[in-house]
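Colleague: Take a look at this one; I'll ask things after.
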Amino acid sequence: MDFALSAEQQQIRDMVSEFVDEEIVPVADEIDHEDEFPQDLVDEMADLGLMGMPFPEEYGGAGLDYHSYAIGLEEISRGSGGLGTVVAAHTSLAGNMLYEFGDDAQLEEFLTPLAAGDDVGAFALSEAGAGSDVPAMETTAEKDGDEYVINGGKLWISNGSVSDTVTVFAKTDPDAGNKGISSFIVRPEEDDGFIVENTEEKLGDKGCPTAELRFDDLRIPENRLLGAEGDGFVQALKTLNGGRITIAARSIGIARAAFEEARDYAGEREQFGQPIGEFQSIKHKLADMDTKIQAARMLMHKAADKKIRGENFIKDAAQAKLYASEISREVANEGIQIHGGYGYTKDFPAERFYRDAKLNEIYEGTSEVLRNTIGDQVLDN
Ligand SMILES: Cc1cc2nc3c(=O)[nH]c(=O)nc-3n(C[C@H](O)[C@H](O)[C@H](O)COP(=O)(O)OP(=O)(O)OC[C@H]3O[C@@H](n4cnc5c(N)ncnc54)[C@H](O)[C@@H]3O)c2cc1C
């Protein structure tokens, strides 16, 4: 067992950390305020290989292992929770769907520009009536000659309004429950019938557009089917398992930002003639915040390790995401508390970290659903 980062992982962390400090942190408040997709930063991240971290170089990626990808995403999320979602949805969800289930031609045509960061990806699974309950989806894909015709809609799709490639889930056999779900590659610019209905106004996660999509007789060629008809539900679950490791990374990145800001503030702010960090209650808060971050990071790397080894990592990814998301909200909450009244204002980023952290407990499996998953695994159901 080795807890040290390899030289390559250390190098990745230093490179991304420097980029985050120089390019993201200075504009993070502006991203939060404006809530515009930061295309210029995405282009810069593409140049650094950060839009395709875990994919092989032959497909335009950086060829990094999953630990390094998680390390990179932790750093990006330390700078901006919204950018953390942009990269996670693009890479862990859309990119991984193509990488895991695409055929050679699909990898070449659709994964390569995505991994290089020339295209932006989105993953469209959730619907108004089908969030946790995926098989309740109503979107359909009907075969018509050598095409599929997709009708329906999706809700809360990260990157949905700015994406070039969307992996869309739809029912090809509406009577077959979860076995009737299939997945497709959709290209919003080329495919008529792809409509962005709305982008949500959200509590946090600003800069990553969360879109409501509608498909109105959207026609795609049959070679845009990913895998076989009926594979979609299992593909989604497998993809979300890997995605959970990176939502743990986003959680840890936000928690670190909240902790580091609070620690620095505690050293500067004086009350009763001394820095507040010298009060035992504040020192203990900081101790707990750091301990939780360290524990969450270990769970994240344990899940990544099992994924790399090809072992079953369903429980590990769920535990990493569950724990990291809950501690990110707790740490961000204490960050506000340490800032006192200033923490409740926009003068300090403490409140942004809290708003960004909350999302981790909701998407890619709510905490309640993850506890079901972990409980089933523990009881071996
Ligand atoms: C900002 C944002 C970005 C998102 N990005 C994407 C994206 O890119 N792609 C995508 O497909 N989706 C995305 N989502 C959707 C997200 O995955 C869902 O919101 C999430 O899965 C929960 O579904 P729901 O909102 O319908 O809640 P519901 O499923 O209606 O849940 C409501 C409450 O009931 C609880 N609950 C539901 N079922 C159970 C159960 N079986 N046992 C115990 N408790 C239960 C939940 O935990 C929750 O507390 C995003 C959501 C948000 C807010």
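None of the figures in this text is laboratory data; all of them are computed from the coordinates on show. Predicted, not measured: the structure shown is a model, and the values here were computed from it. We place every Cβ from the backbone using ideal geometry, glycine too, and count neighbours over all the protein chains shown.
Colleague: For the range 258-263, just list the computed ³J(HN,Hα) in residue order, Karplus coefficients 6.51, -1.76 and 1.60, θ = phi - 60°, integers in Hz, with x standing in for Gly and Pro.
Modeller: 5, 5, 5, 5, 5, 4
Colleague: Please give me, ordered by residue number, the GluC sites (Glu not before Pro) of the range 1-66 that lie in loop per DSSP and have at most 16 other Cβ atoms within 10 Å. Numbers along the way, then the final one.
Modeller: Numbers: sites: 8, 18, 22, 23, 30, 34, 36, 44, 57, 58; in loops: 36.
When the GluC sites (Glu not before Pro) of the range 1-66 are filtered for loop state and at most 16 Cβ neighbours within 10 Å, 36 remain.
Colleague: Please report, in whole Å³, the volume per residue of the convex hull around the C-alpha atoms of the range 1-70. Please report the intermediate quantities before stating the final value.
Modeller: Values: hull volume 7.5 nm³, N = 70.
Cα-based convex hull of the range 1-70, divided per residue, equals 107 Å³.
Colleague: Between residue 118 and residue 271, how high is the FRET efficiency from 1/(1 + (r/R0)^6) when r is the Cβ-Cβ distance and R₀ = 45 Å? Nearest 0.05.
Modeller: Numbers: r = 52 Å, r/R0 = 1.16.
The pair residue 118/residue 271 has a calculated efficiency of 0.30.
Colleague: Something else now. Over all directions, the average projected area of the alpha-carbon convex hull for the range 233-380 comes to how many nm²? List each step's numbers first, then the result.
Modeller: Working: hull surface 38.0 nm².
Projected area, direction-averaged: 9.5 nm².
Colleague: Kirkwood hydrodynamic radius, the range 269-318, all distinct C-alpha pairs: what's the number in Å? Could you put the intermediate results ahead of the total?
Modeller: Working: mean 1/r = 0.0755 Å⁻¹.
The answer is 13.2 Å.
Colleague: List every residue whose amide H lies under 5 Å from the amide H of residue 127, counting only residues 5 or more places away in sequence or on a different chain, with H placed 1.01 Å from N in the peptide plane.
Modeller: 155
Colleague: Could you work out Rg/(2.2 N^0.38 Å) for the range 147-222, with Rg from alpha carbons only?
Modeller: Details: Rg = 13.1 Å, N = 76, 2.2 N^0.38 = 11.4 Å.
That works out to 1.15 for the range 147-222.
Colleague: Rg and Dmax of the range 292-349 over Cα atoms: what are they, in angstrom?
Modeller: Calculated on Cα positions, Rg and Dmax stand at 15.5, 48 Å.
Colleague: Hey, if you drop one equal point scatterer on each alpha-carbon of the range 15-114 and run the Debye formula without solvent, what base-10 log of I(q)/I(0) do you get at q = 0.13, 0.19, 0.20 Å⁻¹?
Modeller: Evaluating at q = 0.13, 0.19, 0.20 Å⁻¹ gives log10 I(q)/I(0) of -0.44, -0.88, -0.96.
Colleague: A follow-up question, please. For the cross-link pairs 143/202; 143/321; 154/238; 206/346, which exceed 26 Å when the distance is taken from alpha carbon to alpha carbon? Please list the in-between numbers first.
Modeller: Details: 143/202 37 Å; 143/321 37 Å; 154/238 20 Å; 206/346 15 Å.
Those over the limit are 143/202; 143/321.
Colleague: Taking a cut-off of 28 Å, what percent of all Cα-Cα pairs in the range 98-250 are separated by more than that?
Modeller: Details: 1460 of 11628 pairs.
The calculated P(r) of the range 98-250 puts 13 percent of pairs beyond 28 Å.
Colleague: Another question about this same structure. Can you figure out the FRET efficiency of residue 109 with residue 146, using R₀ = 22 Å and their beta-carbon distance, to the nearest 0.05? Working shown, then result.
Modeller: Details: r = 17 Å, r/R0 = 0.78.
It comes to 0.80.
Colleague: Another question, then. I need the GluC sites (Glu not before Pro) found in the range 155-255, filtered to DSSP loop residues with at most 12 other beta carbons within 10 Å of theirs. Don't jump to the answer; show the numbers that get you there.
Modeller: Values: sites: 189, 190, 197, 200, 201, 212, 222, 229; in loops: 189, 190, 200, 201, 229.
Answer in residue order: 189, 190, 201.
Colleague: For the range 220-297, just run the numbers: alpha carbon Rg, then divide by 2.2 N^0.38 Å, N being how many residues it has.
Modeller: On the way: Rg = 22.2 Å, N = 78, 2.2 N^0.38 = 11.5 Å.
Output field value: 1.93.
Colleague: Once the convex hull of the alpha carbons of the chain is built, what does its volume come to per residue, in cubic angstrom? Don't skip to the answer; put the middle values down first.
Modeller: On the way: hull volume 52.3 nm³, N = 381.
Enclosed volume per residue, from the Cα hull, is 137 Å³.
Colleague: Over the range 158-313, with a single point scatterer placed on each C-alpha, what log10 of the ratio I(q)/I(0) does the Debye formula yield at q = 0.11, 0.14 1/Å?
Modeller: For the range 158-313, the Cα-only Debye profile gives -0.69, -0.91.
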